[in-house]
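The values are calculated or read from the model by the stated rules, or taken from the named source; none is laboratory data. All values derive from a computational prediction rather than experimental measurement. Every residue, glycine among them, receives a Cβ derived from its backbone with ideal geometry; neighbour counts consider all protein chains shown. Surface accessibility is based on the protein's heavy atoms, side chains included, excluding ligands, DNA and RNA. Shrake-Rupley method; radii C 1.70, N 1.55, O 1.52, S 1.80 Å.
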Amino acid sequence: MTEVEAKKPQESLQDRLAQVVELLHRHRLVEDLAHRQEGQHQERVENLVHRQNLVELQRKLEVLHPADVAHILEALPLDDRLTVWQLVKTERDGDILLEVSDAVRETLIADMDDHEILAAAKDLDADELADLAAELPRDVVHELMETLDAQQRERVRSALSYEEDQVGALMDFEMVTIREDVSLEVVLRYLRRLKELPGHTDKLFVVDYDGVLKGVLPIKRLLVNDPEKQVAEVMASDPVTFHPDEDAYEAAQAFERYDLVSTPVVDKSGKLIGRLTIDEMVDLIREESESEVLSMAGLREEEDIFASVWKSLRNRWAWLAVNLVTAFVASRVIGLFDGSIEKLVALAALMPIVAGIGGNSGNQTITMIVRAMALDQIGTGNSTRLLRKEAGVGLLNGLIWGGVIGLVVYWLYDSWSLGLVMTAAMTLNLLLAALMGVLIPMTLARLGRDPALGSSVMITAMTDSGGFFIFLGLATVFLL
């Protein structure tokens, strides 16, 4: 937090967004009025009004954290977003680009020329440059690499050599290393000579003369132990470490499990090559969670809420097409029982209940299974037991709530047989929903696909078609 931020009262992010929107609205309103004025001083008035409102807006943006500015940019329509973006000082552009979503970042970069992009990226660390490189024009990346020194250039290339879901793509190269054969007093003197410590430094990394990791020295041990002690006496010699080609999400789970703030990354020979920090892991977990939610809804990628109609259409059409096919299948299932519905009109009123409750139950099951798979809680040894457990839950829920709706149906239509058919159909459809809720994500995972990909669409299709068929089939056999 800057000194300016510390002095002002704390405001919610929504308050700050509202203030920016109000300033933009006032700017457009006054500018429109100035355009309508005629006379020799019109241009001078327009420039004065333009400068006055935008300077106030720029002053407000200057005191905001880059993450807050990013949130404001994401919440603004494209025209307003670009107006605000032009007011951000160049030296802050890089930090803000790292904070915004991928979809919004694309619109901001498209509004910048090559010179602006180079100016925004010049002060970023190697790992941050690697994050942006994939979305920058190729010639700009090449020119940017030429401006780096040999060490930075090698670090960027190293980070770019890994897939985005690997530890190596997320590791930070800024860290403090020390030797094990020096005293804590020497370490303290060394730290005092540094201008500042890298962010999220909760431990120092102990290496030998070849750069091989020997252990870590937590800052709290450094501060509370006798300064005359050697580092080797105080350090932790068995820290949690990662290799650069390991799965980044598994690393994030380890951060959560062991309450880590930072941890070393070593190569196959044990040489220290970087570190992971908690901020990257939090971002990764959030992105993974958002991706899972989007996948379950059948969205292919993150979407800018103010994107063009065409872009949004491309993102959404695929699973809508699948849903249309499944809806057509469900309609044909109903069509098989046209005669039954004509004879007993109550079936038309009751069958959406069976399908709807089944879809809800199936989505509950599939959400739990996808979460458990993300946490590596499901393996070949417990999948059958899990299937039996979910089937039991579906069966009991069906008997309980099917019995309730059966009594309601009896009260409404004065028919015990229709009530019993409703109870049986509800029970069987909830049992089907439970089984499909387990099998769909497991099958997708076995095929190498994302278990959450379109799972809610598929479970709804199964429970709709299955629910209609079960209910109308039972009604046809036992009532007609």
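When the residues of segment 416-464 are filtered to those that are more than 36 Å from the chain's Cα centre (by Cα) and of a type in the set (G, A, S), the one that is surrounded by the fewest Cβ atoms within 10 Å (Cβ to Cβ) is S417. A307 satisfies every condition listed in (1) open to solvent by less than 50 Å² (accessible area, probe 1.4 Å); (2) within 29 Å of the chain's Cα centre (by Cα); (3) over 24 Å from I440 (Cβ atoms); (4) free of Cβ contacts under 8 Å to residues at least 40 places away in the same chain except (4). For segment 147-181, taking the residues that are over 28 Å from D202 (Cβ atoms) and hydrophobic (A, V, I, L, M, F, W, C), the one that is surrounded by the most Cβ atoms within 10 Å (Cβ to Cβ) is identified as L148. Restricting attention to segment 424-468, the residues being assigned to a helix (DSSP H, G or I), aliphatic (A, V, I, L, M) and either touching a Ser or Thr at 6+ places or on another chain (Cβ under 6 Å) or without any contact (Cβ under 8 Å) to a residue 12 or more places away in the chain (or both) number 6.
Counting residues that are under 25 Å from P198 (Cα atoms) and either out of contact with any strand residue (DSSP E or B) (no Cβ under 6 Å at 6 or more places or on another chain) or open to solvent by less than 70 Å² (accessible area, probe 1.4 Å) (or both), which helices (runs of 4 or more DSSP H) fully inside segment 89-146 reach at least 2?
Numbers: elements: 90-99, 102-110, 114-121, 126-133.
Per the criteria, 90-99, 114-121, 126-133.
Tell me whether segment 156-168 contains one or more residues that are among the hydroxyl-bearing types (S, T, Y), closer than 18 Å to G274 by Cα, part of a loop (DSSP other than H, G, I, E, B) and touching a helix residue (DSSP H, G or I) at 6+ places or on another chain (Cβ under 8 Å). There is at least one residue in segment 156-168 that is among the hydroxyl-bearing types (S, T, Y), closer than 18 Å to G274 by Cα, part of a loop (DSSP other than H, G, I, E, B) and touching a helix residue (DSSP H, G or I) at 6+ places or on another chain (Cβ under 8 Å).
Contact list please: Cβ distance under 6 Å, first residue in segment 59-73 and outside any helix (DSSP H, G or I), second residue of a type outside the set (A, V, I, L, M) and surrounded by fewer than 21 Cβ atoms within 10 Å (Cβ to Cβ), pairs at least six apart or on different chains. Pairs that qualify, where the first residue is outside any helix (DSSP H, G or I) and the partner is of a type outside the set (A, V, I, L, M) and surrounded by fewer than 21 Cβ atoms within 10 Å (Cβ to Cβ), are V63/E5.
Which ones in segment 390-403 are open to solvent by less than 70 Å² (accessible area, probe 1.4 Å) and either out of contact with any Leu (no Cβ under 9 Å at 6 or more places or on another chain) or of a type in the set (K, R) (or both)? Step through it out loud before you land on a result.
Initial filter on segment 390-403 (open to solvent by less than 70 Å² (accessible area, probe 1.4 Å)): 390-394, 397-398, 402-403.
Listed by number, the residues that qualify are G392, G403.
G381 fulfils the conditions (1) part of a helix (DSSP H, G or I); (2) free of Cβ contacts under 8 Å to residues at least 60 places away in the same chain except for a single criterion, (1).
Of the residues F242, F337, F255, which is among the aromatic types (F, W, Y) and closer than 29 Å to A461 by Cα?
On the way: F242 fails: closer than 29 Å to A461 by Cα; F255 fails: closer than 29 Å to A461 by Cα.
Within the list F242, F337, F255, the selection yields F337.
Of the residues making up segment 350-371, not a single one is more than 19 Å from N429 (Cα to Cα) and in contact with a Leu (Cβ under 9 Å, 6 or more places away or on another chain).
Scanning segment 78-88 for residues that are over 25 Å from the mean Cα position of the chain (by Cα) and open to solvent by 40 Å² or more (accessible area, probe 1.4 Å) returns D79, T83, Q86. Of all the criteria given as (1) open to solvent by less than 70 Å² (accessible area, probe 1.4 Å); (2) under 30 Å from A349 (Cα atoms); (3) at pLDDT below 90; (4) out of contact with any Pro (no Cβ under 9 Å at 6 or more places or on another chain), the one not satisfied by S383 is (2).
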